Amino acid sequence: MPRNLFFLLSAFYFFFFAIIGVYVIYMPKVLDSFGYTSAQIGVIFAMSPLVRFLAPFFFLKKQLTATIYKAALLGLLISGAALYVTIENFWLLVLNNILIGIAFALILPFAETIALEKIGKERYGRARLWGSLGFIFVALVVAKFMQKPYTALHFFMAMVILTAIFAAYLPQFESKKLQHPKSKSFNFLSHWPLWANLFLMQVSFAPFYNFFTIYEHEHGLDYTTISYLWTFGVVCEIVMLYLQAPLMRKNLLSLIKFSTFVTIFRWLLLFLFPTNVFILYLAQSLHAFGFALYYSSAIAYLFTLYEDKKLAQLFFGGISFGLGGMVGSFLAGLFYGEYLFLYASTVAFLAWVVLLIRR
């Protein structure tokens, strides 16, 4: 495995997830400053998971080639630049976010497949942790420069350009096996408990992603403490990604089951002890298992199940972060209140039970 591939992947993950950081953390605030209503912001940000869910179905009969991947990179560059002229027009911004969603849906699965094949599931975490570092960089460092709305657009565009630079070199490492899989058939039913688990786990995470800050603030925690809790969770994620190599040599399905079970316990802690800071830090430490180990185990396991590796990664993003993210966000809004994380724990429990069906 060429040493420069590990560097390219690490740099790609850093800047790609820095884009996600700007997009998730700051763009809603930017839209609010331009006068968008909460309903309009919700519609705009629903486009990316919607497209992420639909995109894999277009590749059931065709291959995600290097040419399409490079077109997605170009689309990301165009959509990033177009934010400057679409930011004040609702419908143009919706269309632009669809283009951003298409780029997100295609770029990451292509890179993930090359990472899993070339550096292996054992070393994957040490490259992927740079993505978490990119997200922290945006959350902690970039925040100091976000006084003006257009500053977020400048950072978004800068991260897009840097991502495209490093991502453009990845296709040269694509093997013929990835380019021409032996079989294009893709059967959900043969592994339906796994797909159900992927979907339900993301549904259970939606209350955390969308409402954790609001939930804890309403229970009396100040925003500084809440920001430390968020950061601590990502730090634990990074530690797991760095140290997970020995675990990744074990039974991947067992790791998925274990990580799902840990997530049940994590959401229960948030429900039972919303004001106990020590237990909240304990709950956040479980992000190392419920997200980092779960994510790595899931994509590595899918890599072993299907001949079309890229299509498997496309559907992983589509079913979990796409469909699961949409449905989870909607239900989290409906269930928001005192019992929010009891609901999340129940969904995680269903995700664990459904995996017991699979031998």
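Just so it is clear, none of the values below were taken in a lab; they were calculated from the coordinates. Small disclaimer: the values here were computed from a predicted structure and weren't measured. Here the Cβ positions follow ideal geometry from the backbone for every residue, glycine too, while neighbour counts run over all protein chains shown.
The table below lists the values:
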item: Theoretical FRET efficiency, 1/(1+(r/R0)^6), r = Cβ-Cβ of Lys148 and Tyr209, R0 25 Å, to 0.05; result: 0.45
item: The stretch 3-179, dipole about Cα centre (Lys/Arg Cβ +1, Asp/Glu Cβ -1), debye to the nearest 20; result: 540 debye
item: Average projection area in nm² (convex hull over Cα atoms of the stretch 189-356, one quarter of hull surface); result: 9.4 nm²
item: Hits among lysines - C-alpha to C-alpha of Lys177 under 18 Å, sequence gap 8 or more where chains match; result: Lys61, Lys62, Lys118, Lys121, Lys309, Lys310
item: Percentage relative contact order, the chain, counting C-alpha pairs under 8 Å, at least six apart; result: 29 percent
item: Length added when fully stretched, Leu342-Gln40, from 0.36 nm per residue minus Cα-Cα; result: 105.8 nm
item: Peptides 35-46, 205-216, 306-317 ordered by average Cβ neighbours within 10 Å, highest first; result: 306-317, 205-216, 35-46
item: Partner lysines for Lys29 [C-alpha distance under 24 Å; skip if fewer than 8 residues away on the same chain]; result: Lys144, Lys148
item: Loop trypsin sites (Lys or Arg not before Pro), the stretch 213-273 (other Cβ atoms within 10 Å of the site Cβ: 11 or fewer; DSSP); result: Arg249, Lys250
item: Calculated FRET efficiency for the pair Ile161/Leu334, C-beta based, R₀ 45 Å, to 0.05; result: 0.70
item: Residues Thr275 and Arg249, FRET efficiency given R0 of 35 Å [Cβ-Cβ distance, rounded to 0.05]; result: 0.30
item: Chain lengthening between Gln172 and Ile357 when straightened (0.36 nm per residue, less Cα-Cα); result: 62.6 nm
item: Dipole moment magnitude, nearest 20 debye, the chain about Cα centre, only Lys, Arg, Asp, Glu C-beta charged; result: 1440 debye
item: Inter-site label distance for Ile68 and Trp91 at 7 Å from Cα along Cβ, in nm; result: 3.0 nm
item: Three-way shape label, the stretch 3-179, alpha-carbon gyration tensor, a/c 1.5; result: oblate
item: Calculated from backbone phi, Karplus (6.51, -1.76, 1.60) coupling profile of the stretch 45-53 in Hz, x at Gly/Pro; result: 7, 7, 5, 5, x, 4, 5, 4, 6
item: Per-peptide average of other Cβ atoms within 10 Å, ordering 157-166, 56-65 highest first; result: 157-166, 56-65
item: The chain - mean residue ellipticity at 222 nm from DSSP helices (-39,500 (n - 2.57) per run, n ≥ 4, rounded to 500); result: -24000 deg cm²/dmol
item: Net length gained if the chain between Trp192 and Phe6 were fully extended (0.36 nm per residue, minus Cα distance); result: 63.6 nm
item: Packing-based order for 94-100, 346-352, using average beta carbon neighbours within 10 Å, highest first; result: 346-352, 94-100
